């Protein structure tokens with residue numbers, strides 16, 4: 001929970017900075033003042049917002065998913081399917097962590113076009129994001145295994161909002 005709050009605060013600050021920077025650059029461009037470095041800084045902020053935001057979406061189960069078929073299966077089969085998918089996700093994140101770290105190291109001498117900052121700060125967002133999502137995925141895998149051991153699949157039942165007062169089931 002603490003990690004989620006920290007990530008949320010980081011994303012809010014970075015997104016606010018991104019919006020302010022793009023607004024100021026666009027306004028100055030309207031007056032004929034070029035702020036070329038703003039594009040590079042905006043790119044840097046945007047990629048970090050994307051990767052940290054991806055972990056926040058994963059934590060809150062907000063990624064796009066198609067469950068038309070799986071929601072009709074028994075909860076035990078749904079749990080096994082989720083476990084399999086989480087293991088695939090984890091394997092993919094390990095690859096992103098490995099190759100993203102390699103890319104980050106390879107880009108340490110490359111600078112942005114307009115500012116003397118290493119491009120590694122951009123490419124570092126991929127392994128950091130993969131690491132954060134990996135931690136989230138490990139927690140999900142643990143829950144899937146715990147469900148199998150205890151034969152309790154109540155955590156898979158989604159809480160739905162009632163139309164008569166906004167209370168949850």
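The values are calculated or read from the model by the stated rules, or taken from the named source; none is laboratory data. Model, not experiment: these values are computed from the prediction. Cβ atoms come from the backbone with ideal geometry, glycine included; neighbour counts cover every protein chain shown.
Can you tell me which residue in the stretch 57-75 is surrounded by the most Cβ atoms within 10 Å (Cβ to Cβ), limited to those that are in contact with a helix residue (DSSP H, G or I) (Cβ under 8 Å, 6 or more places away or on another chain) and in a helix (DSSP H, G or I)?
58
Which of the residues that make up the stretch 15-56 are surrounded by 14 or more Cβ atoms within 10 Å (Cβ to Cβ), over 18 Å from residue 120 (Cα atoms) and either in contact (Cβ under 8 Å) with a residue 12 or more places away in the chain or within 13 Å of the chain's Cα centre (by Cα) (or both)?
Those that are surrounded by 14 or more Cβ atoms within 10 Å (Cβ to Cβ), over 18 Å from residue 120 (Cα atoms) and either in contact (Cβ under 8 Å) with a residue 12 or more places away in the chain or within 13 Å of the chain's Cα centre (by Cα) (or both): 15, 17, 18, 21, 22, 25, 53, 54, 55, 56.
Is there a residue in the stretch 42-51 that is touching a helix residue (DSSP H, G or I) at 6+ places or on another chain (Cβ under 9 Å) and closer than 27 Å to residue 142 by Cβ?
Yes, the stretch 42-51 has at least one match.
Sort out which residues of the stretch 106-147 are modelled with pLDDT under 95 and either part of a loop (DSSP other than H, G, I, E, B) or at positive phi (or both), and write them in order of number.
Within the stretch 106-147, 107, 108, 109, 110, 112, 113, 114, 115, 116, 117, 119 qualify.
Return the residues of the stretch 132-157 that are closer than 25 Å to residue 2 by Cβ and surrounded by fewer than 18 Cβ atoms within 10 Å (Cβ to Cβ); say none if nothing qualifies.
Hits for the stretch 132-157 are 135, 138, 139, 141, 142, 143, 145, 146, 155.
Among the listed residues 91, 130, identify the single one that is out of contact with any helix residue (DSSP H, G or I) (no Cβ under 9 Å at 6 or more places or on another chain) and under 30 Å from residue 155 (Cα atoms).
The conditions single out 91.
Going through 88, 21 one at a time, which residue ends up being under 21 Å from residue 11 (Cα atoms) and assigned to a helix (DSSP H, G or I)?
Within the list 88, 21, the selection yields 21.
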